[in-house]
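Heads up: the structure comes next, in structure tokens.
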Amino acid sequence: MERVANGIGIALISLLALLLVWLRARAVSSDKSGKGTAHEPYSLPDLIEYVKFQLHELSRNKINQWGMSEEAWNRKVKARTELRQALRGCSLGDRQDKRFVQAYIRDLLIDGYKLTEDRMERIIPFQQPVRLTCQDRFEIVFYLYRQRYGDEALSALIEDYELDEPKPSTDEEGSYMYEISGEDIDYCFGREYRQLSFEEKLDIIVQRVYQSYKGFSVIDSIMEQRIDGVSGGVSGISASAQLDNSPSDYSYMNGIEANVDEDGRDFSQVWESVWIFYKGKSIRLPFLSFGSEFELKRICQNIYKYNLPGQLSEASGYKVNDMKDGSRVVVVRPPFAESWAFFVRKFDTRGAALEQLIQGGRAELPIQLLKYLMKGSRITSITGSQGSGKTTLLMALVKHIYASYTLRVQEMSFELNLRKLYNARNILSFRETEYVSGQAGLDLQKKTDGTVHILGEVATDEVASWMIQMAQVASLFTVFTHHAKTFPDLVDSLRNSLLKTGVFRDERVAELQVAGVIDFDIHLRRDIHGHRYIERITQCCQRIDHEIARGSSEFTDTYNTAVALNRHLWERTYQERTIIEYVDGEYRPVQPITERCRKEMQREMLPEDADRFEQFLSQYWGERVGA
């Protein structure tokens, strides 16, 4: 009897559980179909779940053919195909697909979810500013600015309220950092806020739903702006780091207020890490948060997938790719990196003009010289640290290469976008892939009728070695970028690459080859305030030393001959000749271009350009020309 009673009890409990599950499923189904009346879930998470369900139904479920004409059925199929394509494209950064999906979301919220102005208040309390979060306030102000300035909205907001001014650092006394705080946003909100119309409120809610569903979370709208870049996951404490520490290290393990350690100091989580790169400055946005490490991971797993570059995995812990808009994206993940993180680097193709990039006193001096270097077919390196503007300057220099020349470009990812800038020219870009190395790409370029070769970045020994050989025989001239800090560092780096790859075994001979290839170096600098400028333009002149050849006649004893040999071995095989230098806020001419180089440049120019070049040299260097 006891066993029977137990069996009956278990059966009743099972039936009750099944009944509860069925009732719950029915309630959820009713809510998602928009027909539920007992429960009105007007909150942001419920809106997102509703939109996910409806778009999945619209894009995946089969179309019921009963009672439908062939024309109507074809329209349904076409609409479903367009929606499916847009749902894929919007997650890759396609702005047209994004607008298409947002239009669908807008219709779903009005027609299916019956969203009214009163119900909007339950999602975002527009009528009660004191209840708005800092993110709400920023998105409202940002939306108002986008109505006025479009893609320049964030720049205009920063400039209007001087949000890029340095603030004292909490880590080190006397130091400072760049940060737009919540207090800054509150101040901007107080000055800019006005009553919003129903359509404006709906736009903000649609964007919030979209960025949490298919977009890039809180950086979704920021990524469309004309700034230098966006990054996330590069500060704060990750979940793995928290678990590796003792309970006394972090407050949440002690039950103390979140984000405050035992000494009362604030610390942030890794998903609260949002940074923008603006005019050479890395600015933190602490009022924005991805909400969880899972959301940060979602962004990292989606943001790099344009053109299927391969899978990001533990075995392949990073990916470098370009996005639909031409931005470069780098994504890293554990265990290669300590946390999930991404770096989006944007290149302003509309601002790629020398007159806009080069500012300061007598800026016309370097601007004119750079134009003549391209017209004179000089092998030119562009050096500088990360973020100094090398890629953007290279994009601007291409404009002044004669349009009749064919250009072949080698990059790690497609970031120069030269065909977008100069779409009537003969330009073809190549990049490294999982199966085609940079070396193989450079080898192929010899068979593509290239006149000018451009290397987005000389980053490996193999590419550096091949670049030297290519500059000697394979093209009219070459332009490339490098991370060298000084001109001697550039020569040493390229020389060492030749030695490592086995092209040369003697340091002096390798250095002589490098010095014989490079004509000019343009060195860029970004100071601590984010100001970018050309620090110097240097000509490389090979040094012809006859001292060793005369050694036997000039040095009669063994000691003096040994001293001369030793000195010769340690001397540079080239002379670093500074042509223009940036001093005290203005560009100044220093030494003139050598007579031999001047004649070689004029030989490559059109006659009228050669005459103007001669006048330019006489204007700034006068009698020193040809020295």
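The values are calculated or read from the model by the stated rules, or taken from the named source; none is laboratory data. All values reported here derive from a predicted model rather than from experimental measurement. Here the Cβ positions follow ideal geometry from the backbone for every residue, glycine too, while neighbour counts run over all protein chains shown.
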Limited to the range 112-133, what total is found for residues that are assigned to a loop (DSSP other than H, G, I, E, B) and over 37 Å from the mean Cα position of the chain (by Cα)?
6
Tell me which residues, restricted to the range 80-109, are surrounded by 14 or more Cβ atoms within 10 Å (Cβ to Cβ) and hydrophobic (A, V, I, L, M, F, W, C).
L83, A86, L87, C90, L92, F100, V101, I105, L108, L109
What is the number of the single condition among (1) crowded, with 21+ Cβ neighbours inside 10 Å; (2) within 26 Å of the chain's Cα centre (by Cα); (3) under 23 Å from P592 (Cα atoms); (4) not basic (K, R) that Y372 does not meet?
(2)
Mind listing just one residue for me: the one in the range 310-331 that is surrounded by 20 or more Cβ atoms within 10 Å (Cβ to Cβ) and assigned to a strand (DSSP E or B) and, of those, modelled with the highest pLDDT?
V331
In the range 460-502, anything of a type in the set (V, I, T), closer than 24 Å to R431 by Cβ and touching a helix residue (DSSP H, G or I) at 6+ places or on another chain (Cβ under 9 Å) is listed as T460, V463, I468, T478, V479, T481, T501
Within the range 466-497, considering residues that are among the charged types (D, E, K, R), assigned to a helix (DSSP H, G or I) and surrounded by fewer than 22 Cβ atoms within 10 Å (Cβ to Cβ), the one farthest from the chain's Cα centre (by Cα)
D492
Does A459 meet the test of being of a type outside the set (D, E, K, R) and assigned to a loop (DSSP other than H, G, I, E, B)?
yes
How many residues are in contact (Cβ under 8 Å) with a residue 40 or more places away in the chain and either of a type in the set (A, V, I, L, M, F, W, C) or over 27 Å from Q225 (Cβ atoms) (or both) if we restrict to the range 336-356?
10
Just wondering, is there one or more residues in the range 67-86 that are of a type outside the set (D, E) and under 28 Å from L163 (Cβ atoms)?
no
Among the residues of the range 503-518, write down those that are of a type in the set (V, I, T) and in contact (Cβ under 8 Å) with a residue 40 or more places away in the chain.
V514, V517, I518
Scanning the range 437-465 residue by residue, those at pLDDT 80 or above, among the hydrophobic types (A, V, I, L, M, F, W, C) and buried (at least 16 other Cβ atoms within 10 Å of the Cβ) turn out to be V452, I454, L455, V458, V463, A464
Kindly evaluate L154 against the criterion of being over 18 Å from P286 (Cβ atoms) and crowded, with 20+ Cβ neighbours inside 10 Å.
no
Of all residues in the range 426-436 being surrounded by fewer than 17 Cβ atoms within 10 Å (Cβ to Cβ) and among the hydrophobic types (A, V, I, L, M, F, W, C), which is modelled with the lowest pLDDT?
V436
The range 289-309, residues that are of a type in the set (A, V, I, L, M, F, W, C) and part of a helix (DSSP H, G or I)
F294, L296, I299, C300
Flagged pairs (Cβ under 7 angstrom, 6 or more apart or on separate chains; first in the range 604-627, under 17 Å from I580 (Cα atoms); second surrounded by 14 or more Cβ atoms within 10 Å (Cβ to Cβ) and at pLDDT below 90) are L617/V625; S618/V625
Condition test on Y145, is it part of a helix (DSSP H, G or I), more than 18 Å from S268 (Cα to Cα), in contact (Cβ under 8 Å) with a residue 24 or more places away in the chain and not polar (S, T, N, Q)?
yes
Of the conditions (1) touching a strand residue (DSSP E or B) at 6+ places or on another chain (Cβ under 8 Å); (2) within 21 Å of G291 (Cβ to Cβ), R137 clears all except one; give me its number.
(1)
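Here is a yes/no grid of residues against (1) of a type outside the set (A, V, I, L, M); (2) farther than 25 Å from V330 by Cα; (3) at pLDDT below 90:
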position: E355; (1), (2), (3): yes, yes, yes
position: L369; (1), (2), (3): no, yes, no
position: S377; (1), (2), (3): yes, yes, no
position: G384; (1), (2), (3): yes, no, no
position: G389; (1), (2), (3): yes, no, yes
position: Y402; (1), (2), (3): yes, yes, no
Residue count, the range 192-214, condition in a helix (DSSP H, G or I) and small (G, A, S), comes to 1
Exclusive hit being touching a Phe, Trp or Tyr at 6+ places or on another chain (Cβ under 8 Å) and modelled with pLDDT of 85 or more, set I105, I110
I105
So which residues in the range 570-627 are under 30 Å from D527 (Cα atoms), modelled with pLDDT of 90 or more and among the basic types (K, R)?
R577, R588
If you check F189 against the conditions, is it aromatic (F, W, Y), at pLDDT 85 or above and assigned to a loop (DSSP other than H, G, I, E, B)?
no
Matching residues in the range 113-129 (more than 25 Å from Y193 (Cβ to Cβ) and at pLDDT 90 or above) number 0
Between a first residue in the range 367-380 that is under 27 Å from A464 (Cβ atoms) and a second residue that is acidic (D, E) and in a loop (DSSP other than H, G, I, E, B), which pairs have beta carbons less than 8 Å apart while being 6 or more apart in sequence or on different chains?
L373/D519; R378/D519; I379/D519; T380/D519
Positions within the range 215-237 being assigned to a strand (DSSP E or B) and more than 17 Å from I303 (Cα to Cα), in sequence order
I237
